[in-house]
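Remarks on the structure that follows.
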Amino acid sequence: MCRALAFDVGNYHRVRVLIRFPVLSWRFTVALALATGGCRDAGPPAPPAHAVPKTPALFTASLAFADSAVPDGPLGASIRRGLALLEHTPDSLPEYTGGNLRCTSCHLDHGLRPDAAPLTGVHARFPKLMDRSAAVVPLEDRVNYCFTRSLAGRALPPRSREMVDIIAYLAFISRGVPVGAHVAGEGMTKMPALTGDSARGHELFTANCTRCHGVDGAGIAAVPAVWGAKSYSVGASMARVERAASFVRHNMPFDKPGSLTDQQAFDLAAYVNAHARPDSPGKELDWPAGGAPADVPYATRGHAPAIVTPVLPRKRADGGIVPPPMPAAGRSGE
Ligand code: HEC
Ligand code: HEC
């Protein structure tokens, strides 16, 4: 009885105080709570607040998982199917892919390799604010950014069996990673500020890359294209020279990763990304609040690119845009 009264009185005054003195409102609420003191039957104590560290520790991702760790039954089947979709994306989902890249063409080792945009722990990092969209997006949208941009394909329906299986796999390789924690080698290590020379990059490509990716960059057998109609689109992160340099520096040549210098990686990235690749519809709407990184190879708000990547028509014109989530009521442009 006493507690209920205190609550009522507090709330009534709080509403008025909030309207008139928004900044001071908590003081008034505390004062009111004190004024209604003297109640002994204050009810059960409030649960302890969670101790949320301001900067979560860097989580060391385990590199591999034993097959026996995958649960039995329908959940295990979904996880395994999700992994199979990441490994055989163009074969499994020809309607949703544009070229010959699969998810694990870049997310190497089942998506577990540090410095190759590891997907380990990704389920604990979303929903997330993405500067490129200026919106908080769920993991399904992030997966679809890679379908539409990195694979130059189409967005999977978020509630399709295939999307749920992919999310099941991503959640499985996130087990044990605390929500909000980051993993070692997440994203791709930022590179020093260097400038690539595409003429030097051409020579390096001939010496180090054509035996697998071909002289025309279209890939050979199971090796994916690095430019041209079958490669990643201009709207992919990999189309930025610095991002591609980081990937190449740490992961290529595939059989000798780490053998190139930072400068060589920049030269190669400049050469690879100077070639035409599939367009990315709606790319001019990226970074709607401005602030695109300098190496984004297309114009966006307030960003005049130093180098413009030539674009090719998309294999599929429709489904190439992931619509941003609805803005919160009363707010716009978020
Ligand atoms: C051309 C290379 C490439 C391909 C192919 C690709 N991705 Fe990505 N993906 C990236 C890059 C680069 C990032 C961003 C890494 C960064 O800078 O944080 C990324 C990020 C992601 C993220 C968010 C990771 C995080 O830590 O926030 C998810 C999830 C993801 N990709 C899923 C997929 C899926 C699923 C596929 C297949 C449909 C796919 N990707 C195909 C390059 C690729
Ligand atoms: C021994 C063969 C081999 C060599 C040599 C090699 N790559 Fe790759 N590369 C691969 C394979 C295979 C993948 C995809 C990984 C997968 O599917 O598991 C790949 C992926 C890539 C990707 C990301 C996916 C895509 O197609 O865009 C880039 C970029 C890339 N390589 C650039 C290079 C560059 C630059 C060189 C030269 C320094 C190079 N590679 C040398 C085999 C090779």
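In this structure the amide hydrogen of Ala135, modeled in the peptide plane, comes within under 5 Å of the amide hydrogens of Met130, none closer than 5 places in sequence on its chain.
Note on Thr261 and Glu162: their simple-model spin labels are 4.4 nm apart, each label 7 Å out from Cα toward Cβ.
Using 0.36 nm times the number of residues separating Glu95 and Ala193, minus their current alpha carbon distance, what extension gain do you get?
Fully extending the segment from Glu95 to Ala193 adds 31.4 nm.
Using θ = phi - 60° in the Karplus curve 6.51 cos²θ - 1.76 cosθ + 1.60, the 3J(HN,Hα) couplings for the stretch 241-246 round to 4, 5, 5, 5, 4, 5 Hz; x is entered for Gly and Pro. With Cα atoms defining each centre, the stretch 257-325 and the stretch 151-184 are spaced 24 Å apart in the structure.
Rounded to 0.05, the FRET efficiency of the Ser68 and Val136 pair, given R0 = 41 Å and the Cβ-Cβ distance, is 0.65. Remark: the stretch 207-220, residue by residue, has Karplus-estimated 3J(HN,Hα) of 6, 10, 10, 5, 4, 10, 8, x, 5, 8, x, 8, x, 10 Hz, where x stands for each Gly or Pro and the curve is 6.51 cos²θ - 1.76 cosθ + 1.60 at θ = phi - 60°. Residues whose amide H falls under 5 Å from that of Phe59, counting only those 5 or more places apart or on a different chain, are His182, Val183, Ala184, with hydrogens built in the peptide plane.
By the rule of a C-alpha distance below 28 Å, with chain neighbours fewer than 8 residues away ignored, the lysines paired with Lys256 are Lys190, Lys230.
Suppose every Lys and Arg Cβ carries +1 and every Asp and Glu Cβ carries -1, with no other charges. What dipole size does the stretch 106-171 come out with about its Cα centre, to the nearest 20 debye?
Once rounded to the nearest 20, the dipole reads 140 debye.
Rg and Dmax of the stretch 207-318, both derived from C-alpha coordinates alone, stand at 14.4, 42 Å. Across the stretch 75-92, rounded Karplus estimates of 3J(HN,Hα) from the backbone phi angles (6.51 cos²θ - 1.76 cosθ + 1.60, θ = phi - 60°) give 5, x, 4, 5, 4, 5, 5, x, 4, 4, 5, 5, 8, 10, 4, x, 5, 7 Hz, Gly and Pro being marked x. Considering only Gly73, Leu85, Pro158, and ranking their Cα positions along the charge dipole of the stretch 58-183 that arises from unit charges at the beta-carbon of Lys, Arg, Asp and Glu, the one farthest toward the positive end is Pro158. Panel note: the C-alpha atoms of the stretch 58-183, placed on their principal axes, show extents of 35, 33, 26 Å (largest first). The Cβ shell under 12 Å around Met188 holds other residues with a net charge of +2, Lys and Arg each +1, Asp and Glu each -1.
A DSSP coil position with no more than 10 other Cβ atoms inside 10 Å describes the following trypsin sites (Lys or Arg not before Pro) in the stretch 243-334: Arg331.
Using only side-chain charges placed at the Cβ, +1 for Lys and Arg and -1 for Asp and Glu, the dipole size of the stretch 204-334 relative to its Cα centre rounds to 240 debye. Amide H contacts under 5 Å for Leu312: Arg277, Asp279, restricted to partners 5 or more places along the chain or on a different chain, H placed in the peptide plane at 1.01 Å from N.
Taken together, the values in this text are just the output of simple stated rules run on the coordinates, not laboratory data. Values in this document were obtained by computation on a predicted structure and should not be read as measured data. Note: ideal-geometry Cβ built from the backbone for every residue, glycine included; neighbour counts use all protein chains shown.
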